[in-house]
Amino acid sequence: MHGKDTNKVKRMFARGGLAAALLVAAMPAMAQEAPKVDTGDAAWMLTSTALVLMMTVPGVALFYAGMVRKKNVLATMMQSFFITALVTVLWMVAGYSIAFGEGGEYFGDFSRVMLTGIAENWDKPFTLGTGDAAVAMTIPESVFLMFQMTFAIITAALITGAVADRMKFSALVLFVTLWSLLVYAPIAHWVWHPNGWLFALGALDFAGGTVVHINAGVAGLVAALVLGKRIGYGSENMSPFNLGLAVIGASLLWVGWFGFNAGSALSSGGGRAGMAMLVTQIAAGAATLSWVIIEWMTKGKPSVLGAISGAVAGLVAITPAAGFVLPGSGLIIGLVAGVAGFWGATALKHALGYDDSLDAFGVHGICGIVGALLVGFLAYGPLSATPAAPDGSGGSMEQFIKQCTAVGATLVFTAVATFIILKIVDVIVGLRVTEEEEREGLDVTLHGERIN
């Protein structure tokens with residue numbers, strides 16, 4: 001209650017009367033009224049959650065399926081579709097608890113296994129963490145955990161682009177199960193939970209530069225190296241079956257990314273979501289232009305595949321920075337990402353000789369690193385200002401060092417943990433299909449179906 005309203009009540013009480021007495025008697029109850037969910041914020045977050053889910057099915061499914069050969073289209077779609085179902089259940093059973101349970105600096109806990117406690121305060125605003133570092137939200141926990149579930153889903157799905165055409169389906173299922181719980185969830189805790197060590201360090205990752213893109217990109221690279229090259233890689237024609245499908249998939253990713261980035265504001269108000277949406281669009285456009293131009297200059301023709309790859313590169317790079325930078329910085333990040341992604345998908349891959357089938361590392365890994373590092377210099381403090389930190393997180397050499405720490409930690413942990421998980425899976429079920437199965441195609445050999 002405002003000061004002048006309180007004085008008015010006092011004057012009413014001094015003059016006497018039943019109305020004054022009742023109003024004063026009601027004041028403690030009014031003060032203790034439970035907080036309510038902001039319906040506007042909840043509506044925006046429900047919409048954002050649907051947009052991010054759309055990024056995997058059908059977004060990634062179509063994007064990747066359009067770039068493989070005809071004999072592997074259905075198997076590639078199946079990977080994204082099945083991962084969506086698998087990670088949904090994993091997130092409910094233990095993933096959410098590991099990522100967002102109180103725990104310690106490096107790992108959540110098992111207090112929220114099977115979403116224990118979700119019935120408590122189910123219709124009240126959610127607070128993540130406890131103590132001084134707690135983050136109070138205006139949405140229910142059910143909305144927050146569902147939004148985060150879609151991030152866990154797409155991160156696992158992105159890895160499949162690096163191992164397309166040659167990984168056993170049984171191996172993929174076991175790998176995603178272990179990786180989601182032992183790699184993705186802990187890193188999400190590091191970065192996004194108030195108890196996480198990178199959160200406490202002050203590393204900036206608005207929507208998943210480290211948690212999603214570097215994480216998936218590095219895991220994809222390690223998986224590609226462990227599995228080895230596709231049969232005929234470098235000597236046989238492996239051109240995409242249907243770039244039209246890939247364009248549709250990329251278009252769905254572009255639109256869905258507004259939920260990914262603007263949704264990570266966790267609110268529709270305050271202007272931060274709007275700025276995140278704006279810089280996301282600018283970065284995607286800039287990266288498309290820079291990729292196409294450099295490809296046009298070096299190869300003589302601007303390709304459709306280059307255009308959609310450039311858009312994704314810009315979207316990846318702006319992800320960690322979206323809620324921290326202004327439009328001019330978004331333009332810079334996009335332009336750099338287009339060049340970096342082109343280099344990662346062409347020169348780097350050819351120089352090192354690995355077979356990252358659909359450039360999971362070349363685009364997501366490389367451009368995730370670009371965005372995570374550039375935000376260290378380009379962050380605009382007022383966008384992240386709070387009453388406790390009125391200056392927010394601005395760009396500086398100190399912030400850049402924090403970003404380097406986050407990038408380095410993610411690279412090392414993901415690479416080592418992914419390698420160990422792959423070796424365990426190889427011992428249990430084997431990683432790769434036989435040469436005969438690979439030549440015939442995974443659609444028929446793994447799923448008994450084909451596109452006619």
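The table that follows gives values for the structure above.
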item	result
Degrees, to the nearest 10: 397-428 long Cα axis against longest axis of the chain	50 degrees
Between 0 and 90°, nearest 10: helix 73-90 axis offset from the chain longest Cα axis	30 degrees
Using alpha-carbon coordinates, inclination of helix 243-262 to the longest axis of the chain, degrees	20 degrees
Too-long pairs where the Cα-Cα distance tops 31 Å, listed order kept, from K168/K299; K168/K301; K229/K299; K71/K349; K301/K423; K70/K299	K168/K299; K168/K301; K301/K423
Stretchable slack from A136 to L352, in nm (0.36 nm times residue separation minus alpha-carbon distance)	73.1 nm
Debye, to nearest 20: dipole size of segment 51-142, +1 on Lys, Arg Cβ, -1 on Asp, Glu Cβ	860 debye
Highest-first arrangement of 115-126, 374-385, 175-186, 333-344, where packing means the average Cβ count within 10 Å	333-344, 175-186, 374-385, 115-126
Segments 445-451, 211-217 sorted - mean Cβ within 10 Å per residue, highest first	211-217, 445-451
Under 15 Å, Cβ to Cβ, from C404 - net charge with Lys/Arg +1 and Asp/Glu -1	-1
Local net charge near A337, Cβ-Cβ under 15 Å (Lys/Arg +1, Asp/Glu -1)	-2
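None of the figures in this text is laboratory data; all of them are computed from the coordinates on show. Note that the coordinates shown come from a computational prediction; the quantities given were computed from them, not determined experimentally. Heads up, the Cβs are rebuilt from the backbone with ideal geometry, glycines too, and the neighbour counts pull from every protein chain shown.
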